[in-house]
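Structure, as structure tokens:
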Amino acid sequence: MRRAILTFVGAVMLSFPAIADITPQFLQEVCLDDANPIHEAICLAYVAGVADTESGTGKFCVPLGTSNEDLVGVVKAFMQKKPSGASYLAARDHNASVLVGLALVKTFPCN
């Protein structure tokens, strides 16, 4: 059983690009695919990781009690709006973390 689980996890990890190579387009595809639980898990882990890494930098201020699922909802809503503007267009050309950060800055500005 353990071998089967390790084989499955290894296959999943090999089927996706390295975290540093995740493009905004790939993240959008994964996050908006609600039918695939693996995609949901990847989206949640990525968004939570970016939020955790950037927390305390003063770029955004997430209220206490906000869950990781709430953060994913914010990022998904931002992606679905397809906002215009130079900052969004620039974010699409960078690592997906830029897009996640932009969604969090727009939604949770520090006052």
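Assorted remarks:
- Neighbour-count order for Glu40, Glu29, fewest beta carbons within 10 angstrom listed first: Glu29, Glu40
- For segment 21-107, taking the reciprocal of the average inverse distance between every pair of different Cα atoms yields a Kirkwood hydrodynamic radius of 12.9 Å.
- Leu64/Thr23 FRET efficiency (R0 41 Å; Cβ-Cβ; nearest 0.05): 0.80
Read-outs throughout are calculated quantities, based only on the coordinates presented, and are distinct from any laboratory measurement. In this text, all values refer to a predicted model and were calculated from it rather than measured experimentally. Here Cβ is always computed from backbone atoms with ideal geometry, including for glycine, and neighbour counts include all displayed protein chains.
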